[in-house]
Every structure is written in structure tokens, then in C-alpha cells.
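Structure record follows, encoded as C-alpha cells.
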Amino acid sequence: MMMIILYIVGLLGFLYYMIFARAYNHWKIRGVQFDKPFSVFGNFYSLATGKQSMLERIRDIYSQYKTPYVGIFIFNQPYLMVRSPELVKKILVKDFDKFVNRNIATKESIDPIAFHTLGSAKDKTWRNLRSKLSPVFTSGKMKLMFPLMKECAQELNSCLNNYDGKTVEVANVIKRYSVDIISSCAFGIKAYCLKDENSEILKMAIKLLDTRSFVRNFSIFSAFFVPKFVEIFRLTLADKSASKYFIDVFNATLKEREKKNIVRNDLIDLLNNLRKNENIGDGYIFDDIKMAAQAIVFFSAGNDTTATSLSFALYELALNQEIQDRLRREVKEHFDRAGDFTYETLQEMKYLNMVLKETFRKYPVTPFLSRKSTAPYTFEETGLTIEKDTLILIPVPGLHYDPEYFPDPEKFDPERFSDENKHNVNPYAYLPFGEGPRNCIGERFANLVSKLALASMIKDFVFEVTNETEIPIQLNPRAVFTQSKGGIKLRVRKIKS
């Protein structure tokens, strides 16, 4: 019996060495300073135990070093965490062709939806797809969609009227706004989520990429960091039943438009035109499943980004009433002058833009950017040569909270982005939407719907902290993307005219 136990212990020790200990020598062999891994979780043990969020862990590792980069491990997989904005610029812009691909593990046989999204596409397929999808996100297209957006913002304020004097979980309300606005602008559907919080489309939108679900978070984490798990457990990024629901909605809407010859110049129209052209280059046939993939990722990504960012913005404004008051003065001044919110007046609201930019700095929804080298590459500044397929992690919150680039980083200070100060912001140390050719294609859309919602709410309502508000706010340690742990509860007060 003792011999059997010894054999088992010996076998486990051998397997640990082969799988982890040998892998943990990766950066030492290459002469790169690295953060010492702890157990099988590499440098992310605190995530597994629920002690830190992804944002906090990345920021923590970043702050311990001063080198241009540092080696890290997620499980047994080595990553090069790039700390220098100059090197970030090379990876994202100057030498982009050597780092064109993101590190997202998807397999067409397991998850055809995720496999065919713009975020997962690689090489020439990504270039062709990006060029074809870009026209829907131009400023001209945003102006055409603005009346639809404004209608949703008015319904948002009508919804908030019901909470006058009450404490409300603001993320829940704004989630309903974001589902309404994306349903309208992307799919031409009136979802009515603000009027009916039990609507089927809202339930499915939440289920699609529910970052409070262990299964979804495990799937997302695996797709980014543990590709073997994707194959072993046949994981999908989005919930299968919710994906099917939105595919059916997409196809029904498309069929209705073709039958009645409806044209709205929105995402569905653009995707349908791409399908009619059969391919987008490089032999890539744009069929029904690939059309639906783009629509679903736009729906899920836009929904979560808008709801999360606006919730954090309201939280900071409730904590900093003088900033909220100043923003309200600007909003009312422009609204009274124009008699309404217009696309142009929102672009003129400088302080509104500053408040949102500072929110994106403190609470970047995506706490990392990932890239994979397509060929051997030498960093001339240090002489380090990395092999093909080396994984790169750009620590967004580390850069956003570095006092060298943002003095007193814990302070919520929109003045960082004023006309007088914005030249001090290094564009490669501020990356809420990424940078370069592979930045977030929906950045313009996300900014516009966020500006409209925030301006509309602040004009008519005061947001205040109560004894139910969690201060300081705790971030969800189980989520890959940034979100509050226990929600954001604020008192809403209607401004009496």
C-alpha cells in the first residue's frame, strides 16, 4: 500500500514538473524579469480564491516592477506583460503587422458564433471583415441613428421618474436602456425593456454574456487564457440558448425587411449587403451564421460596456457632488440653447466628455489587451527577441493607475482631460478602447449612447449616495471584465422645475 502511495506521489510530482515547473522557467531562460508564480494558478492565485478582481490583480503585478516588461504566468502559460507605453505603441501601431491577432481561443466546431466574430478573426480575414464593417460606425451613421437613441433616452428618464426619492440599483436600469438602444439601432426592434423589466429580450440579453455566472466567466477566462479548457469542456463564449434566441430574432427581422423592402441603414442592412456580395475577400463567404455572429457580439459587447461604464460614472458623480453640479450646469446650458439634445450639442459638451473619459480611466471594462506575435520579434530598446506565437498582455489598469502618467490616480478628476491638460495624457497609457488598427470598432457608438444617457439623466435628476451605497466600491473577483461586486445603489431625486 505504501509503495502504491509513493508511486502516485511520484507520478503527481513528475506531472507537476512536466506541466508547470518546467513551464515556469520560460522567462528565466530568456533573461526576462518575471513575477514568481504561485501554485498551479501561476500569478493569478488571488483570482481563484476570490481575493482580487482581474483589474486589481493586473494593476498589482504592474505596480511591483519598473522594467519595460515583466514575465507572468496564467496557469502554466507564459505571457509578456508590456509596461512601457512606447512598446505598447509598437505592438498596437508601428509594428502592428507582427501582432495583428488577439489571443482568443475559439473553434468553429464548438462555438461557430464566437469563431466568426470580428474580435476572434485573424490575419487577412480580420482585415477584410474590419474594412467591411467599419462603415456602420462612421459619424454619419451615428447621426442617422441619433433620433432612435434619443427616443430611448427619453424613456430612460420616464423610467427614473418612478424611482423619485428612492434608492435604486442603477446598473439594472441602465442595462434596460442599453438593451433598448442596441435593439433599436442594430436590429430595428422596439424592445421596451425600460417599460417592462420582465421582457423576454432583456432576460436573454442578460443571459447571453452573464458575467455574474460561474459558467460564463469560466468560459470567457478559458477562451482568453486556457485554450485547452475550451476543447476539453466544449465551452462557448456566449450562452447557447440565448445565442439561438438572438439568431432567430435576427433572421426574423431580416426576413421581414426583405419581404417589405425596408431600409434603415443600420447593422442588419450592412450585414445583409455583405451577404449579397457573397464574400468579403480571401474566399471568406459571408453566410447566415457569420452575419448573426457580428450582430450578437455587437449586442453583447455594447450592452455590457454601456451599462457598466454609466453605472460607475453615476457612482463617482454621487460621491463628487461638485462635479455633478458642474456637469449639470453645462448640460442645461447647451440644452436650453438648442431647445433639445442634438448630435451636435452632445459633441460640444466638453465637461461631459471629460467625465466619461475619467470614468473609462478608473474603471476600464476590459482590463487587458491581448496579442499574439505572428513572427519572431526583437524589442530594439532592450535586445529581447521573442518567438513566434509569444503571448502579449497589455495591462490597461496598470497604465491607467500609474502616477507617472496620471498623478493621484485614485482621485476622480475629469480635469485630466481638459483642453489645458489633455496634451499631458500619453495615448498609449490610456487604453479603454484599445488603440491602433485593432481598437474597438464600436467606440464611437459607445461614446454617443453614454453621453446621451448621462446628459439626459443629469439634466433631470440628482444622484446621491445612501447608507446602502458600498463605499469604497468592491469589484467582482469572479468576473474577467470589470464590474461591481454587489451592485451600485444610489438615491434618485427628481429636480423640481
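Every residue in region 173-218 that is in a helix (DSSP H, G or I), surrounded by 18 or more Cβ atoms within 10 Å (Cβ to Cβ) and not aliphatic (A, V, I, L, M), please.
Initial filter on region 173-218 (in a helix (DSSP H, G or I)): 173-187, 200-208, 214-218.
Adding the requirement that they be surrounded by 18 or more Cβ atoms within 10 Å (Cβ to Cβ) leaves 173-187, 201-202, 204-206, 208, 216-217.
The answer is Lys175, Arg176, Tyr177, Ser178, Asp180, Ser183, Ser184, Cys185, Phe187, Arg216, Asn217.
Quick grid of which residues meet (1) buried (at least 22 other Cβ atoms within 10 Å of the Cβ); (2) modelled with pLDDT of 85 or more; (3) within 26 Å of the chain's Cα centre (by Cα):
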{"site": "Asp248", "(1), (2), (3)": "no, yes, yes"}
{"site": "Arg257", "(1), (2), (3)": "no, yes, no"}
{"site": "Lys260", "(1), (2), (3)": "no, yes, no"}
{"site": "Leu271", "(1), (2), (3)": "yes, no, yes"}
{"site": "Glu278", "(1), (2), (3)": "no, no, no"}
{"site": "Phe286", "(1), (2), (3)": "yes, no, yes"}
{"site": "Ile289", "(1), (2), (3)": "no, no, yes"}
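Scan region 456-497 for residues that are farther than 29 Å from Leu369 by Cβ and at pLDDT 95 or above and report the count. Working first, answer last.
Quick first cut of region 456-497, residues farther than 29 Å from Leu369 by Cβ only: 456-469, 471, 489-497.
Now narrow it down to the ones that are at pLDDT 95 or above: 456-469, 471, 489-495.
Here the count works out to 22.
Report yes if Pro147 is touching a residue at least 60 places away in the same chain (Cβ under 8 Å) and either surrounded by fewer than 18 Cβ atoms within 10 Å (Cβ to Cβ) or more than 30 Å from Lys496 (Cβ to Cβ) (or both), otherwise no. Walk me through how you get there before you give the answer.
Values: touching a residue at least 60 places away in the same chain (Cβ under 8 Å): no; either surrounded by fewer than 18 Cβ atoms within 10 Å (Cβ to Cβ) or more than 30 Å from Lys496 (Cβ to Cβ) (or both): yes.
Criteria not met by Pro147.
So Tyr79 ticks every box in (1) in contact (Cβ under 8 Å) with a residue 40 or more places away in the chain; (2) part of a loop (DSSP other than H, G, I, E, B) but one. Which box is left unticked?
Among (1) in contact (Cβ under 8 Å) with a residue 40 or more places away in the chain; (2) part of a loop (DSSP other than H, G, I, E, B), the lone unmet condition for Tyr79 is (2).
Scan Glu415, Glu435, Glu358, Glu381 and give me the residue that is modelled with pLDDT under 95 and touching a helix residue (DSSP H, G or I) at 6+ places or on another chain (Cβ under 8 Å).
Values: Glu415 fails: modelled with pLDDT under 95; Glu435 fails: modelled with pLDDT under 95; Glu358 fails: modelled with pLDDT under 95.
Only one candidate qualifies: Glu381.
Starting from region 212-237, take each residue that is farther than 18 Å from Glu108 by Cβ and in contact (Cβ under 8 Å) with a residue 40 or more places away in the chain and list its partners that are crowded, with 21+ Cβ neighbours inside 10 Å and small (Gly, Ala, Ser), counting only C-beta distances under 6 angstrom and pairs at least six apart or across chains.
Asn217/Ala479
Between Val297, Val365, Val355, which is within 30 Å of His116 (Cα to Cα) and either free of Cβ contacts under 8 Å to residues at least 40 places away in the same chain or in a helix (DSSP H, G or I) (or both)?
Testing whether each residue is within 30 Å of His116 (Cα to Cα) and either free of Cβ contacts under 8 Å to residues at least 40 places away in the same chain or in a helix (DSSP H, G or I) (or both) leaves just Val297.
With the requirement that a residue be without any contact (Cβ under 8 Å) to a residue 60 or more places away in the chain and surrounded by 14 or more Cβ atoms within 10 Å (Cβ to Cβ), what does region 153-169 give you?
In the first step, residues of region 153-169 are kept if they are without any contact (Cβ under 8 Å) to a residue 60 or more places away in the chain; the result is 155, 158-159, 162.
Scanning region 153-169 gives Glu155, Cys159.
From the list Leu237, Leu254, exactly one residue is part of a helix (DSSP H, G or I) and not small (Gly, Ala, Ser). Which is it? Even if it seems obvious, please write down each step before you answer.
Values: Leu237 fails: part of a helix (DSSP H, G or I).
It is Leu254.
Just need a number here: residues in region 44-71 that are of a type in the set (A, V, I, L, M, F, W, C), more than 21 Å from Pro409 (Cβ to Cβ) and either part of a loop (DSSP other than H, G, I, E, B) or in contact (Cβ under 8 Å) with a residue 60 or more places away in the chain (or both).
So in region 44-71, the residues of a type in the set (A, V, I, L, M, F, W, C) come out as 44, 47-48, 54-55, 58, 61, 70.
Cutting the leftovers down to more than 21 Å from Pro409 (Cβ to Cβ) gives us 44, 47-48.
Cutting the leftovers down to either part of a loop (DSSP other than H, G, I, E, B) or in contact (Cβ under 8 Å) with a residue 60 or more places away in the chain (or both) gives us 44, 47.
So the count comes out to 2.
Give me a count of the residues in region 184-211 that are of a type in the set (S, T, N, Q) and either touching a residue at least 24 places away in the same chain (Cβ under 8 Å) or on the phi > 0 side of the Ramachandran plot (or both). Break it down into steps so the answer makes sense when it comes.
Going residue by residue through region 184-211, those that are of a type in the set (S, T, N, Q) are 184, 198-199, 211.
Next cut, either touching a residue at least 24 places away in the same chain (Cβ under 8 Å) or on the phi > 0 side of the Ramachandran plot (or both) only: 184, 211.
Number satisfying all stated conditions: 2.
I want to confirm something. Restricting to region 85-111 and keeping residues that are more than 22 Å from the chain's Cα centre (by Cα) and assigned to a loop (DSSP other than H, G, I, E, B), which single residue is nearest to Gly31 (Cα to Cα)?
So the residue we want is Asp95.
Which residues, taken from region 40-74, are surrounded by fewer than 19 Cβ atoms within 10 Å (Cβ to Cβ) and among the aromatic types (Phe, Trp, Tyr)?
Phe41, Tyr45, Tyr65
The values are calculated or read from the model by the stated rules, or taken from the named source; none is laboratory data. On a predicted model such as this, the values are computed, not experimentally measured, just so you know. Don't worry about glycine lacking a Cβ; one is built from the backbone with ideal geometry, like all the others, and counts go over all protein chains shown.
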